[in-house]
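Before any comments, here is the structure.
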Amino acid sequence: MIRYCRTLFPLLLSALLAGGCGASALPVPAATPAGPKTAVVSIGDIVSVLTVDGVVVARPTFVLEAPATGTIQILSASTSPGSTTTRIATIESGSGEIPLILPANSGVTGWMVRDGDPVTAGLPVVAGYYSGFAIQATVADVSLYRLYGAVTNSRAEIPHGPGPFQCDLLGGISSSVSGGEIVGGPAPSAADGTPATTAPLVDATGPVRLLCSPPRDIRLFAGMHAIVAVTTAEARGAMLLPVEAVAGSSQHGKVTLVLSDGSRRDQSVDIGITDGVMIQITGGLKAGDEVAVPGPFLQGPTQ
């Protein structure tokens, strides 16, 4: 029997038990229990790029926000689309007069403030419309905290079509005003022909969205699917941790700090930007600190 086994299976001899060609299974090494996962605070660069699905729309509306905190002076109550940008208001702030610029090929549909009103930076102040095709993308609630401030770059592409191409934001990041209600009366006209100082007020409602204008020589059709990628922030030489090690994703959070003696304690941290994989730590830890993975989440790690 053993000679028969050696003839047919010479390569398996080292795996056979001493009893010969029985049906005994090959030995399986015992599994080694995995220890708790940890991560070390590292130093590196991080760029936050938010990618969202969009759709091509025709003649969309958008909102312009106050570029600074101060008092607004409205220079034009209604503006028809022009081929160049137009200064339609100024914000008188402590640092001087800051212009409010209407994008090229755009017009004004109504104001959300009165002439002379105090405004804060980022406050929606005027509704406009774009006389062409644009790409509109709604930002999911889970991604809102990725919008740290002014978008530094935005690009888009049409799947199975043109792109990627530059796609400049219209009005920054805002709420939809497609169904906005005009809540003020008509703008008064000046007898001497000078611009009116007040205008109809518009109430902005709806989800937070991005709206960008592609190059006007790209052939588009309303309803086409698009993808928009916006760079919202970047940091060089930042302290970084994996996102799953940190409870919280904006401003403040907690980690489980692993001490030199092996003990652990929750540690509050200040949070910067994230790229969805790594997250910036701006306070509460130092480079080389070790933390547990996952972090001290209340309802399990974030997805």
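Tell me, which residue of the range 146-178 that is of a type in the set (V, I, T) and at pLDDT below 90 is nearest to L211 (Cα to Cα)? If you could, list the steps in order and put the result at the bottom.
Going through the range 146-178, the residues of a type in the set (V, I, T) turn out to be 151-152, 158, 173, 177.
If we keep only those that are at pLDDT below 90 as well, we get 151-152, 173, 177.
Values: V151: 12, T152: 14, I173: 8, V177: 12 Å.
Per the criteria, the residue is I173.
Does at least one position in the range 87-106 carry a residue that is at pLDDT 90 or above, in a strand (DSSP E or B), buried (at least 16 other Cβ atoms within 10 Å of the Cβ) and touching a Phe, Trp or Tyr at 6+ places or on another chain (Cβ under 6 Å)?
Checked against the condition, which is being at pLDDT 90 or above, in a strand (DSSP E or B), buried (at least 16 other Cβ atoms within 10 Å of the Cβ) and touching a Phe, Trp or Tyr at 6+ places or on another chain (Cβ under 6 Å), the range 87-106 yields at least one hit.
Taking only the range 222-250 into account, find how many residues are in a strand (DSSP E or B), out of contact with any Pro (no Cβ under 6 Å at 6 or more places or on another chain) and over 19 Å from A140 (Cβ atoms).
Residues flagged as in a strand (DSSP E or B), out of contact with any Pro (no Cβ under 6 Å at 6 or more places or on another chain) and over 19 Å from A140 (Cβ atoms) within the range 222-250 amount to 9.
Sort out which residues of the range 268-289 are more than 24 Å from the chain's Cα centre (by Cα), on the phi < 0 side of the Ramachandran plot and crowded, with 17+ Cβ neighbours inside 10 Å, and write them in order of number.
L285, D289
Which is of a type in the set (D, E, K, R), part of a strand (DSSP E or B) and not assigned by TED's automatic domain parsing to the domain that holds V151, of K286, K254?
Values: K286 fails: part of a strand (DSSP E or B).
Answer to the selection: K254.
For T71, state whether it is touching a Pro at 6+ places or on another chain (Cβ under 6 Å), surrounded by fewer than 20 Cβ atoms within 10 Å (Cβ to Cβ) and among the β-branched types (V, I, T). Give the derivation first.
Details: touching a Pro at 6+ places or on another chain (Cβ under 6 Å): yes; surrounded by fewer than 20 Cβ atoms within 10 Å (Cβ to Cβ): yes; among the β-branched types (V, I, T): yes.
Taking the combined requirement at face value, the residue satisfies it.
Consider S143 carefully, then state whether it is among the hydroxyl-bearing types (S, T, Y) and at pLDDT below 90.
The answer is yes for S143.
Among the numbered criteria (1) touching a residue at least 60 places away in the same chain (Cβ under 8 Å); (2) touching an Asp or Glu at 6+ places or on another chain (Cβ under 6 Å), which single criterion is violated by T282?
The number of the failed condition is (1).
From the list S263, S250, which residue is out of contact with any Gly (no Cβ under 9 Å at 6 or more places or on another chain) and without any contact (Cβ under 8 Å) to a residue 60 or more places away in the chain?
S263
The values are calculated or read from the model by the stated rules, or taken from the named source; none is laboratory data. Predicted, not measured: the structure shown is a model, and the values here were computed from it. Glycine gets a Cβ as well: all are built from the backbone with ideal geometry, and neighbour counts include every protein chain shown.
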